[in-house]
1. Give me the residue from segment 316-337 that is open to solvent by 70 Å² or more (accessible area, probe 1.4 Å) and in a helix (DSSP H, G or I) and, out of that set, modelled with the highest pLDDT.
2. Among the residues of segment 287-301, are any open to solvent by 70 Å² or more (accessible area, probe 1.4 Å), modelled with pLDDT of 90 or more and hydrophobic (A, V, I, L, M, F, W, C)?
3. Kindly indicate the residue of segment 88-104 that is of a type in the set (Lys, Arg) and without any contact (Cβ under 8 Å) to a residue 24 or more places away in the chain and also most open to solvent (accessible area, probe 1.4 Å) among those meeting that condition.
4. Report, ordered by the first and then the second residue, all pairs with beta carbons closer than 7 Å, sequence separation of six or more or different chains, a first member in segment 339-355 that is under 18 Å from residue 273 (Cα atoms), and a second member that is surrounded by fewer than 19 Cβ atoms within 10 Å (Cβ to Cβ) and polar (S, T, N, Q).
5. Taking segment 105-132 only, how many residues are in contact (Cβ under 8 Å) with a residue 40 or more places away in the chain and either of a type in the set (Gly, Ala, Ser) or over 14 Å from residue 66 (Cα atoms) (or both)?
6. Which is of a type in the set (Gly, Ala, Ser) and assigned to a helix (DSSP H, G or I), of 50, 57?
7. Counting only residues that are open to solvent by 60 Å² or more (accessible area, probe 1.4 Å) and touching a helix residue (DSSP H, G or I) at 6+ places or on another chain (Cβ under 7 Å), how many does segment 154-171 have?
Amino acid sequence: MQTLLNQLVYFGFFQSLLLLFIYGLSPKNRQRINGYMAFFIGVVSFGLIGKVLYTAGVGNYNFRLISLSELSALLFGPTIFLFTRSIVQRKSFSKQDLTHYIPALVYIIFVAVYFVIPSNEVLVARDKTGELMRVIYGCHAVGLVVNIFYWVKGWQLLKVFEIDVQNELSYEPQTSFLKNFLIIIGICLLIWAGLLLTSFFGFDMLERNARPYIWLLLVLIILFITYYGMIAPQVLQLLPLGKQKTKKYTQSKLSASDLDRLKEQLDTLMLEKKPYLNSKLLKTELAEMLGVNDPELARLLNENIGMNFFEYVNYYRIKEFVALAKTEKAQQLTFFGLAQEAGFHSKTTFNKSFKKLMGSSPSAYFNKNL
């Protein structure tokens, strides 16, 4: 079992180096990949290097090599948070972002001073008194708290983004990688926390026996990134939001009668020009066609119509789909083919929107009504 574990760690380490090599040497890939993701892969590589060197017998199996890997422990959380923020808010790196790495810097200095620099005699003496293990568990606790804190901040950003994006886009951007990435990281943190708690409740040997398998979590993360990098390279890039989030529409000075008039104009626009057939329609584009600004259109949709932009556009797409399903074209296309004709960009979005509006799946609806 130990041999298999070592082989998996070797595989994860060299896979991470391969990813860095690919993104580093290819100018095209270097421009496309998110910088924080590249740095994260580098952090994972550094986290594995100590284990790899120790397993290979470098330095006569010097345990300080394992401590070397601990230097990267607090780099994960801030990088995950900044990676998430760069995607959902399209914020590029700034010097101020370095403040998020201050805890990691302090931690690195402490680990180096306490574990790496002292002589073997000093470390053995600390181990005999139990001080060494207390400090190790304390370091694990600090690392866990910091990483969980930044993971929560990243998850909150994603949740806010998923709500806000429906006020700006008529389609769902590809966030599956980001969501699954955060879920995988969350599972890793949960396992880490579980192992740490077992030691606090007196099950030290259970934690020590399971500790080597923690390295598999880093391998799992690398495999996850590699998998998505192969099947959908675009997920490692920034989401194509295009426009910045608009100001709050409370600044709008439209009266109730103005909103009623604009609603009629918008309904006419949607019926005559059918802008919803554009599968990547943005709220800014629809506002421009209507002759109003973003905050005014947002107020019209939310206060007068009772829908956000995403719901409103897909409402018309569903109507278009139902109309197309009653034509001869329906004999030549699948349901999703018709949905694409109606302006839908994603099968998942189409199915969810249809069921929410019509109360059933497309097949069930037409089996009942045709």
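1. Residue satisfying both the conditions and the ranking: 319.
2. yes
3. Filtering first and then ranking leaves 95.
4. Qualifying pairs under 7 Å: 343/278; 343/279; 344/279.
5. 1
6. The match here is 50.
7. The number of residues fulfilling the criteria is 1.
The values are calculated or read from the model by the stated rules, or taken from the named source; none is laboratory data. Keep in mind that this is a model prediction, so the values were computed, not measured. Every residue, glycine among them, receives a Cβ derived from its backbone with ideal geometry; neighbour counts consider all protein chains shown. Heads up: the accessible areas ignore ligands, DNA and RNA and are worked out on the full protein's heavy atoms, side chains in. Shrake-Rupley method; radii C 1.70, N 1.55, O 1.52, S 1.80 Å.
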